1. Could you do me a favour and compute the accessible area per residue for region 97-171, 1.4 Å probe, result in Å²?
2. Please give the peptides 128-136, 141-149 ranked by average Cβ packing (other Cβ atoms within 10 Å per residue), highest first, as a rough proxy for protection.
3. How large is ³J(HN,Hα), in whole Hz, for each residue of region 162-167 in order, when computed from phi with the Karplus curve 6.51 cos²θ - 1.76 cosθ + 1.60 and θ = phi - 60°, using x for Gly and Pro?
4. Summing +1 for each Lys or Arg and -1 for each Asp or Glu, what net charge is found among the other residues whose Cβ lies under 13 Å from the Cβ of Leu162?
5. Using θ = phi - 60° and the Karplus relation 6.51 cos²θ - 1.76 cosθ + 1.60, list the HN-Hα couplings for region 36-47 in order, rounded to whole Hz, with x at every Gly or Pro.
6. Work out, step by step, the length gained on full extension between Arg135 and Asp70: first 0.36 nm times the residue separation, then minus their alpha carbon distance; give nm to one decimal.
7. Using a 1.4 angstrom probe on heavy atoms only, work out the carbon and sulfur share of the accessible area of region 113-171 in %.
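The values are calculated or read from the model by the stated rules, or taken from the named source; none is laboratory data. Nothing here was measured: the structure is a model prediction, and the numbers come from that model. Positions of Cβ are backbone-derived with ideal geometry, glycine not excepted, and every protein chain shown enters the neighbour counts. Ligands, DNA and RNA are stripped out before the accessible areas are found, and what is left, the full protein with its side chains, is counted by its heavy atoms. Shrake-Rupley method; radii C 1.70, N 1.55, O 1.52, S 1.80 Å.
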Amino acid sequence: MSLGFFNLFAAPAPSSNTPITRKPTAEEEELEWFIALGVNQYRAYLEKTSLIIREDITTIARNHSQYLSDNNIWSGVACHDGWREYRSDALINLNLRAPAENIATLDGPIFVIGSQEGRENIATAALNGWLESQRGHRETMENDYVYTGVGVIVRETGDRHLIYVTQLFGK
């Protein structure tokens, strides 16, 4: 099933620095993995090296996604609120150069969290959104970054899921 330009599965509160207080669900962790896998498959297509997933960067990405969810920040420039804070306070403290981020917010009953196919569709939708974006998200994925971390928070609202995705990059 293709959701757009690139089907990655066709081939085998206070601030975003505040630590999240809950452990990610198994579905959120699997979504993080699918998204990182999709970005690495896209990079392989471009003959770029795979990004190394770092747990410390993943934690920062989860914190930012949680911040977006807690504050009902859904789209636009507000999604990047806190970027300057966690870029300087956290990413630079991890000795990363040139940190960057991609953010996706997804919503809909179409996204069935409880199945692997549903999680693959969510990851594909996030990746396609970045590839089709006019705001430099594609260039971020294509840059010569070495490390990454993906944080996903899923918030249920009735029959819909609100999905917040933050992917961080560094050299």
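1. On the way: 3000 Å² over 75 residues.
Heavy-atom SASA per residue in region 97-171 reads 40 Å².
2. Packing order, densest peptide first, comes out as 141-149, 128-136.
3. Those phi angles translate into 9, 10, 10, 10, 10, 10 Hz.
4. Working: positive: Arg155, Arg160; negative: Glu28, Asp70, Asp107, Glu156, Asp159.
Taking every other residue near Leu162 into account, the sum is -3.
5. So the J values, rounded to whole Hz, are 4, 4, x, 5, 5, 5, 4, 5, 4, 4, 8, 6.
6. Values: separation 65, 0.36 × 65 = 23.40 nm, distance 2.47 nm.
Stretched out fully, the Arg135 to Asp70 stretch lengthens by 20.9 nm.
7. Details: 910 of 2310 Å².
After summing per-atom areas, the C and S share lands at 39 percent.
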